[in-house]
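Scroll down for the structure; my scribbles are underneath it.
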Protein chains: 2
Amino acid sequence: MVPHFICGTGILCGYISSKTSFSAPVLDLYQITMAYAYWKSGKKKDVAVFDLFFRQNPFQGEFTIFAGLEECLKFLENFHYSESDITYLKETLPSSIESEFFDYLKNLTAKDVTVHAIEEGSVVFPRVPLLRVEGPLIIVQLLETTLLTLINFASLMATNAARYRIAAGKQVSLLEFGLRRAQGPDGGLSASRYAYVGGFDGTSNVLAGKLFNIPVRGTHAHSYITSFTGTHDLHTKTLRHRVDGEEHDMLDLCQKWRKELATHLETLTEEASDGELAALIAFAIAFPDGFMVLVDTYDVKRSGLLNFCAVAMALNNLGYKAVGIRIDSGDLAYLSNRARETFTLVADKYDLPWFAKLTIVASNDINEETILSLNEQGHKIDCFGIGTHLVTCQRQPALGCVYKMVEINGQPRIKLSQEVAKVTMPGCKSAYRLYGANGHALIDLLQRSVENPPQVGEKVLCRHPFEESKRAYVIPTHVEELYKVYWKDGKIVQNQPTLEGIRERVQTSLRTLRQDHKRNLNPTPYKVAVSDELYNFIHDLWLQNAPIGELF
Amino acid sequence: MVPHFICGTGILCGYISSKTSFSAPVLDLYQITMAYAYWKSGKKKDVAVFDLFFRQNPFQGEFTIFAGLEECLKFLENFHYSESDITYLKETLPSSIESEFFDYLKNLTAKDVTVHAIEEGSVVFPRVPLLRVEGPLIIVQLLETTLLTLINFASLMATNAARYRIAAGKQVSLLEFGLRRAQGPDGGLSASRYAYVGGFDGTSNVLAGKLFNIPVRGTHAHSYITSFTGTHDLHTKTLRHRVDGEEHDMLDLCQKWRKELATHLETLTEEASDGELAALIAFAIAFPDGFMVLVDTYDVKRSGLLNFCAVAMALNNLGYKAVGIRIDSGDLAYLSNRARETFTLVADKYDLPWFAKLTIVASNDINEETILSLNEQGHKIDCFGIGTHLVTCQRQPALGCVYKMVEINGQPRIKLSQEVAKVTMPGCKSAYRLYGANGHALIDLLQRSVENPPQVGEKVLCRHPFEESKRAYVIPTHVEELYKVYWKDGKIVQNQPTLEGIRERVQTSLRTLRQDHKRNLNPTPYKVAVSDELYNFIHDLWLQNAPIGELF
């Protein structure tokens, strides 16, 4: 449906383009500076290979979900510098820059670039490149920041969402409510998209729903409740029966029910807020089939639950089934249990089994730890609405993907560092995931691209990339080649899955991972190894490049 | 220049619209749900007042910078639902919704809304509303999420940047390098914009430079250096003298200088990387007036500094002054001191005083604490390049602004909560900042709008909003009214300052704040008080609304 929203006021056009066709100017100045230095020093025909990878899993976990590939491919399709970009760059860069360079920029496209990538939605691990970008040095260098930007946050967000899903379990619904706390409207849009990919069921973000066809959900704010001061604020009081269409006075019916229920629920009608009752009745009249409301504006136990049950029973009289409640404050474990008890009591009393199963949504400042703690305490929540901590990835707000040159003009390049973890893996590499008999992933193996792939049923020597003595033989029962060509000769060369497809891939891929790699507390690291040939290749190159230095 | 970038590929159009004309669909579904419930229950003519405020300063600090107002006003100007929005909402909302509601939505604008606000760029404090939004209940409710989104991140970012500026001091340059770690390209764009507002001097983000006229800065990546394996990679070796235009062999000249300098710097030419030298020469030939390069690709002391000085001295022979170096790893305090010593030694040896003052940029994973620690250790850094921690606001990734109803149809509303900090201040309020004789802000005072403003030279009773016994008299020497009308009758009614103007406002406003409120460690809280009349008004309403409950 996206292509229908053509310009008009600009906003939708704005978002659509920003989400589907990143073109050139999303870059850091140093890319242009480097491009000119390369161009000026006659390196226009140099070809290079860059790896895009991260060094550490986020959130103290042992896995990451790879996301953002589709947006990268769209960016490559649209990559070019417009006249106005060139004009701006001419004004901004030193006047000494030769004008032929700008002519060169004007004609650049990504058609000579080839991109290998891991499938979007896959579980991925540190050091295994997510993207291998090959092509003219100047161009692949110019792609750097945009590719990083599109993958960093997307993958972080999808990983965060997947972790919430693991913490909450499969039976609970997860809704993303984070727009107001995101990095502006478009940051919020990315958050909604990748929360859905990572395993959330819906979002409050209407634009995300509209653009990406994600289910949208939402009830009302506390201000909705407080805008009703009493039953006199209720201008429309009637609702027609679902089946026979007869009009009934909802206020009257609800007040009767409240009186009757008060005795069963051991609360006092006088303590329940009339403003809240009026607000709930108005909501029920507006959404008789979607009656899902906040019950904590005044007091959950003494006002909210009583008012809710009264309106829900009145709706029941008129042929409608209420949906449930949302609790946005207080002790969520305790209150959800009290709410479930109340619903069960009413269900038993009036022989309405569905009433015991009304949905309980909880939504106050929830993060992964809150969910785990609620699980331990025992709660009766069916759905979490999660905002701030999800979209800001509060526990670790950046993934830290990097983009490193590993080969130039056929020569491998290594970036040395005093921190071993920062040494890059030189050369063009292939990556394989080796599986055991039970279907679980055993290890990821990086090889030089020139090597033969590992074979099912044959011993494969897997080595730690830097620690000489750490080696193991693995006999895989299944070998998955991790890279496919996604971009070549100016075209996307794989069928693009739908957002739904990527979302399913996340769950399929996570299932291949052993439980102990996925747990929240002290998860077992998943191993990434190199082949014997790649090991020797790295270490030979290391010795060639490292200066003989001071005493260690 | 913005209006020139008309559509074309979409991307610039996309960003421009997304940064200048947020229209309606950036919202949470519950706003539409509420709107329908209001509409259906005959509350179309209800008028309400909402306050937008935060409850706690971010980053364990005692101040916040208010930013995002300009974007809010542009949003109000463009606020409406397009045909396609309506179509989407019709498909998404329950089919029971009356079609007249969609006709009503179609014609909505913000023309009956009035917005009072504090000046953008001002120092602000918890509980003092940043915006007071008055108008038809349904419409002001529909504005909620967009206003929150536009102000939350903008203010958080500007505050973060202002804190970095305070930590770094006025003499040091601050550059924002965060695009690759932001919440997607547009999250990065907001980050660049508000980092500049908060006190940064420039950004690496080219699009931010183009759209907002922010200075852009950048050198090159480590991959630029490693793309040169030796001096044979140097295809262009000559550079013309700045004045006489005579062509010189830079490679030859640089090698001579390297040999000579090696003895003075007590390093060995053989230990310095030839690839690095070639890369630096190529960069110098491309940017003879902008020679600013990374020196830590191999080894700062044994390779980078020697190569840099050799090329800088060669440039000097040809009439050019080098700019400086960037260090992106290692012990920044130690390395910057070593670099400064080296520059001073060369400056003295060759009687080139400017050489001692070459710029040293540092840029590895820097945050506020790193800067403070570097200050303590004593560093010689002139400029920090800051990315991840700045743009993700790692220490607290969300501000937590809320949007609460305080009045409906002339009746004050109070939102009670078991947490006193969450109780809202009812009614339409004015806010004043009272200043002392030395020009410092003493206290912010909230009053009921109907009260007379506090007077210069007269005793003003300032009360803690919730603690009865906390009261003080203040005699202001200057009284600043914090609110101005910014939006009325469908128009922006204040002259909008430039981005530069807002940026200056931040520093002017911060100067009125006592140093102890601004310090990093245990800052003194700045007080926000209420007038005696507002105090009584709140507490009377509280007693009227709070149920008499269980024993406390």
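The values are calculated or read from the model by the stated rules, or taken from the named source; none is laboratory data. Remember, it's a predicted structure, so these values are computed and weren't measured experimentally. As a convention, Cβ positions derive from the backbone with ideal geometry for all residues, glycine included, and neighbour counts pool all protein chains shown. What goes into the accessible areas is simple: the full protein's heavy atoms, side chains included, and nothing from ligands, DNA or RNA. Shrake-Rupley method; radii C 1.70, N 1.55, O 1.52, S 1.80 Å.
Here are the criteria: (1) in contact with a strand residue (DSSP E or B) (Cβ under 8 Å, 6 or more places away or on another chain); (2) surrounded by 23 or more Cβ atoms within 10 Å (Cβ to Cβ). Tell me which single one residue B:184 does not satisfy.
If we test residue B:184 against (1) in contact with a strand residue (DSSP E or B) (Cβ under 8 Å, 6 or more places away or on another chain); (2) surrounded by 23 or more Cβ atoms within 10 Å (Cβ to Cβ), just (1) comes out false.
Just one of the numbered conditions (1) away from chain A (no Cβ under 14 Å); (2) among the polar types (S, T, N, Q); (3) open to solvent by 20 Å² or more (accessible area, probe 1.4 Å) is not true of residue B:329; which one?
Of the numbered conditions (1) away from chain A (no Cβ under 14 Å); (2) among the polar types (S, T, N, Q); (3) open to solvent by 20 Å² or more (accessible area, probe 1.4 Å), the odd one out for residue B:329 is (1).
From (1) touching a Phe, Trp or Tyr at 6+ places or on another chain (Cβ under 7 Å); (2) part of a helix (DSSP H, G or I), pick out the condition that doesn't hold for residue A:542.
All conditions pass for residue A:542, except number (1).
Every residue in region B:388-419 that is assigned to a strand (DSSP E or B) and of a type in the set (Ser, Thr, Tyr), please.
Listed by number, the list holds a single entry, B:403.
Among the candidates A:75, A:125, A:79, A:101, single out the residue that is farther than 30 Å from residue A:393 by Cβ and open to solvent by less than 10 Å² (accessible area, probe 1.4 Å).
Just one listed residue meets the conditions, A:101.
Residues A:148, A:156, A:189, A:179: which one is within 12 Å of another protein chain (Cβ to nearest Cβ) and closer than 26 Å to residue A:35 by Cβ?
Details: A:156 fails: closer than 26 Å to residue A:35 by Cβ; A:189 fails: closer than 26 Å to residue A:35 by Cβ; A:179 fails: closer than 26 Å to residue A:35 by Cβ.
Residue meeting the stated conditions: A:148.
Filter the helices (runs of 4 or more DSSP H) completely within region A:270-382 down to those with at least 1 residues that are in contact with an Asp or Glu (Cβ under 8 Å, 6 or more places away or on another chain).
So the answer is A:274-286, A:305-317, A:332-349.
Return a yes/no flag: does region A:444-454 have any residue that is of a type in the set (Asp, Glu) and within 28 Å of the chain's Cα centre (by Cα).
We begin by selecting, within region A:444-454, every residue of a type in the set (Asp, Glu); these are A:444, A:451.
Filter once more, keeping what is within 28 Å of the chain's Cα centre (by Cα): A:444.
For region A:444-454, residues of a type in the set (Asp, Glu) and within 28 Å of the chain's Cα centre (by Cα): present.
Might you check whether a residue that is modelled with pLDDT under 95, within 27 Å of residue A:380 (Cα to Cα) and touching a Phe, Trp or Tyr at 6+ places or on another chain (Cβ under 9 Å) occurs anywhere in region A:184-191?
No, region A:184-191 contains no residue that is modelled with pLDDT under 95, within 27 Å of residue A:380 (Cα to Cα) and touching a Phe, Trp or Tyr at 6+ places or on another chain (Cβ under 9 Å).
Go through region A:420-454 and count every residue that is within 21 Å of residue A:539 (Cβ to Cβ), in a loop (DSSP other than H, G, I, E, B) and touching a residue at least 24 places away in the same chain (Cβ under 8 Å).
Counting residues in region A:420-454 that are within 21 Å of residue A:539 (Cβ to Cβ), in a loop (DSSP other than H, G, I, E, B) and touching a residue at least 24 places away in the same chain (Cβ under 8 Å) gives 8.
Would region B:276-283 turn up any residue that is modelled with pLDDT of 95 or more and surrounded by fewer than 24 Cβ atoms within 10 Å (Cβ to Cβ)?
At the first step, the residues of region B:276-283 found to be modelled with pLDDT of 95 or more are B:276-283.
Adding the requirement that they be surrounded by fewer than 24 Cβ atoms within 10 Å (Cβ to Cβ) leaves none.
Checked region B:276-283: no residue is modelled with pLDDT of 95 or more and surrounded by fewer than 24 Cβ atoms within 10 Å (Cβ to Cβ).
Specify the residue that is surrounded by the fewest Cβ atoms within 10 Å (Cβ to Cβ); the eligible residues are those in region A:400-413 that are of a type in the set (A, V, I, L, M, F, W, C) and more than 8 Å from every other protein chain (Cβ to nearest Cβ).
Taking the candidates together, the pick is A:402.
When you look at residue B:289, is it facing chain A (nearest Cβ under 10 Å), among the acidic types (Asp, Glu) and open to solvent by less than 40 Å² (accessible area, probe 1.4 Å), yes or no?
Numbers: facing chain A (nearest Cβ under 10 Å): yes; among the acidic types (Asp, Glu): yes; open to solvent by less than 40 Å² (accessible area, probe 1.4 Å): no.
No; evaluated as a whole, the condition is false for this residue.
With A:298, A:320 as the choices, which residue is at pLDDT below 95, under 42 Å from the mean Cα position of the chain (by Cα) and buried (at least 19 other Cβ atoms within 10 Å of the Cβ)? Break it down stepwise before answering.
Details: A:320 fails: at pLDDT below 95.
Only one candidate passes the filter, namely A:298.
Go through the residues of region A:293-311 one by one and say whether even a single one is closer than 16 Å to residue A:231 by Cα, out of contact with any strand residue (DSSP E or B) (no Cβ under 8 Å at 6 or more places or on another chain) and of a type in the set (Lys, Arg).
So far as region A:293-311 goes, no, none of its residues is closer than 16 Å to residue A:231 by Cα, out of contact with any strand residue (DSSP E or B) (no Cβ under 8 Å at 6 or more places or on another chain) and of a type in the set (Lys, Arg).
Only helices (runs of 4 or more DSSP H) wholly contained in region A:127-233 count here; list those with 2 or more residues that are small (Gly, Ala, Ser). Break it down stepwise before answering.
Working: elements: A:137-142, A:144-168, A:184-198, A:206-212, A:222-226.
Counting at least 2 such residues, we get A:144-168, A:184-198, A:206-212.
Which one of A:488, A:470, A:518, A:527 is in contact with a helix residue (DSSP H, G or I) (Cβ under 8 Å, 6 or more places away or on another chain) and basic (Lys, Arg)?
A:518
Can you report the number of residues in region B:266-279 which are facing chain A (nearest Cβ under 10 Å) and within 38 Å of the chain's Cα centre (by Cα)? Show your work before the answer.
So in region B:266-279, the residues facing chain A (nearest Cβ under 10 Å) come out as B:268, B:270-273, B:275, B:278-279.
The next check asks that each one be within 38 Å of the chain's Cα centre (by Cα); those that pass are B:279.
Of the residues in region B:266-279, 1 are facing chain A (nearest Cβ under 10 Å) and within 38 Å of the chain's Cα centre (by Cα).
Run residue B:385 past the list (1) surrounded by 17 or more Cβ atoms within 10 Å (Cβ to Cβ); (2) more than 30 Å from the chain's Cα centre (by Cα) and report the number of the one that doesn't hold.
Here residue B:385 clears every test but (2).
Outside any helix (DSSP H, G or I) and either buried (at least 24 other Cβ atoms within 10 Å of the Cβ) or touching a helix residue (DSSP H, G or I) at 6+ places or on another chain (Cβ under 9 Å) (or both), is that true of residue A:236? Reasoning before the result, please.
Working: outside any helix (DSSP H, G or I): yes; either buried (at least 24 other Cβ atoms within 10 Å of the Cβ) or touching a helix residue (DSSP H, G or I) at 6+ places or on another chain (Cβ under 9 Å) (or both): yes.
Yes; evaluated as a whole, the condition is true for this residue.
Quick one: in region A:49-72, which of the residues that are facing chain B (nearest Cβ under 10 Å) and not in a loop (DSSP other than H, G, I, E, B) is surrounded by the fewest Cβ atoms within 10 Å (Cβ to Cβ)? Write out each step before concluding.
Within region A:49-72, the first condition is being facing chain B (nearest Cβ under 10 Å), and the residues that meet it are A:50, A:68, A:71.
This time we only want the ones that are not in a loop (DSSP other than H, G, I, E, B), so: A:50, A:71.
Details: A:50: 26, A:71: 24.
If we take residues in region A:49-72 being facing chain B (nearest Cβ under 10 Å) and not in a loop (DSSP other than H, G, I, E, B), then A:71 is surrounded by the fewest Cβ atoms within 10 Å (Cβ to Cβ).
Residue B:385: within 14 Å of chain A (Cβ to nearest Cβ), assigned to a strand (DSSP E or B) and modelled with pLDDT of 95 or more, yes or no?
Working: within 14 Å of chain A (Cβ to nearest Cβ): yes; assigned to a strand (DSSP E or B): yes; modelled with pLDDT of 95 or more: yes.
Against the criterion (within 14 Å of chain A (Cβ to nearest Cβ), assigned to a strand (DSSP E or B) and modelled with pLDDT of 95 or more), residue B:385 qualifies.
Can you tell me how many residues in region B:455-484 are in a strand (DSSP E or B) and surrounded by 13 or more Cβ atoms within 10 Å (Cβ to Cβ)?
So the first thing to find is which residues in region B:455-484 are in a strand (DSSP E or B), and the list is B:460-463, B:471-474, B:478-481, B:484.
Subset that is surrounded by 13 or more Cβ atoms within 10 Å (Cβ to Cβ): B:460-463, B:471-472, B:474, B:478-480.
Of the residues in region B:455-484, 10 are in a strand (DSSP E or B) and surrounded by 13 or more Cβ atoms within 10 Å (Cβ to Cβ).
Please specify each residue of region A:239-269 satisfying the condition of being part of a helix (DSSP H, G or I) and of a type in the set (Asp, Glu).
Keep residues of region A:239-269 that are part of a helix (DSSP H, G or I), which gives A:250-264, A:269.
Answer for region A:239-269, where residues must be part of a helix (DSSP H, G or I) and of a type in the set (Asp, Glu): A:252, A:260.
Determine which member of the set B:20, B:9 is at negative phi, more than 7 Å from chain A (Cβ to nearest Cβ) and at pLDDT below 50.
B:20
Which one of these is at the interface with another protein chain (Cβ under 10 Å from one of its Cβ atoms), surrounded by fewer than 20 Cβ atoms within 10 Å (Cβ to Cβ), on the phi < 0 side of the Ramachandran plot and of a type outside the set (A, V, I, L, M, F, W, C): A:46, A:85? Break it down stepwise before answering.
Working: A:85 fails: surrounded by fewer than 20 Cβ atoms within 10 Å (Cβ to Cβ).
A:46 is the lone residue from the list that is at the interface with another protein chain (Cβ under 10 Å from one of its Cβ atoms), surrounded by fewer than 20 Cβ atoms within 10 Å (Cβ to Cβ), on the phi < 0 side of the Ramachandran plot and of a type outside the set (A, V, I, L, M, F, W, C).
Inside region B:156-181, can you point out the residues that are under 15 Å from residue B:504 (Cα atoms), in contact with a strand residue (DSSP E or B) (Cβ under 7 Å, 6 or more places away or on another chain) and open to solvent by less than 20 Å² (accessible area, probe 1.4 Å)?
Residues satisfying the conditions are B:158, B:159, B:162.
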